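Below: the structure, in structure tokens.
The values are calculated or read from the model by the stated rules, or taken from the named source; none is laboratory data. Please read these numbers as outputs of a predicted model, since none were measured by experiment. For neighbour counting, all protein chains shown are included, and Cβ atoms are generated from backbone atoms with ideal geometry for every residue, glycine included. Accessible surface areas use protein heavy atoms only, side chains included; no ligands, DNA or RNA. Shrake-Rupley method; radii C 1.70, N 1.55, O 1.52, S 1.80 Å.
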Amino acid sequence: MKNIKLKLKVKILACSLVPLILVILLSVLSLRRTGLSMANTLVEEHLSTANYAVRELLDSVYPGEFRLEGDQIYKGEMNLTESMGKLDAFLNETGVQITIFADGVRRATSIVDASGQRIVNTPIAEDAHKAVQKSGSFFSDHASVRGLNYYGVYRGDGNTSGGEEIIIFT
């Protein structure tokens, strides 16, 4: 009789614990997905704000239009490919990387390789380029530059004086 009562108690306990464990597991998975979604939204908002700040910084410090001379990108009279001082200062203060694309090619950037050389003259990701052409901006949680992964906002910033498309990545 004791053996039957013990078996019955184990069955009742198992019947109540299994659903409880399933509810906890589903809750954890749901919270994880919601948390990741919220994190991506916050990162996108932060990077969109940084992108706006970079565009404002460029317009206030370097008046004039973007223009492309060979593989060098200029803003007004400043060669951004060769002199990234203000943008490097922005990176140092905010931790946000900056790239300026002209006609789908990285012309100026704060992103450097392992040897400290700026990674320039590389193409923009095709999905990002198409999205910016379609809607003006694009958020990526997997932007890759030579194997280094970044979150990033790509935003169109018009064209150069020669008609080349400008996209700023932060």
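Quick check: pseudo-label points 7 Å beyond the Cα along Cα→Cβ at Ile119 and Thr41, how many nm apart are they?
Inter-label distance under the simple model: 3.0 nm.
Quick check: at a probe of 1.4 Å, how many percent of the accessible area of the chain sits on carbon and sulfur atoms? Can you show the working numbers first?
On the way: 6160 of 10430 Å².
About 59 percent, which is the carbon plus sulfur part of the accessible surface.
What net charge is computed for the residues neighbouring Val153, neighbours being all others with C-beta under 10 Å from the C-beta of Val153, Lys and Arg scored +1, Asp and Glu -1?
Details: positive: Arg155; negative: Glu44, Glu45.
Residues near Val153 contribute -1 overall.
Once you sort the root eigenvalues of the Cα gyration tensor of the stretch 1-85 as a ≥ b ≥ c, which label holds: rounded (a/c under 1.5), prolate (a/b larger than b/c) or oblate (the other case)?
Details: a/c = 9.10, a/b = 5.91, b/c = 1.54.
It is prolate, given that a/c is not under 1.5 and a/b is the larger ratio.
Using a Cα-Cα cut-off of under 22 Å, which lysines could be cross-linked to Lys86, ignoring same-chain neighbours fewer than 8 residues away?
By straight Cα distance, Lys86 reaches Lys75.
To the nearest 10 Å², what's Val96's accessible area with a 1.4 Å probe?
10 Å²
Mind grabbing the accessible area of Lys11 for me, 1.4 Å probe, Å², rounded to tens?
130 Å²
Using DSSP H assignments, which helices in the chain have an axial alpha-carbon span of 24 Å or above and a mean Kyte-Doolittle hydropathy of -1.0 or higher? Mind showing how you got there, number by number?
Working: long enough: 2-61 (86 Å, 0.75).
Passing helices, by number: 2-61.
I need the shape label for the stretch 44-169. Rule: rounded when a/c is under 1.5, else prolate if a/b > b/c, else oblate, with a, b, c from the alpha carbon gyration tensor.
Since a/c stays below 1.5, the shape of the stretch 44-169 is classed as rounded.
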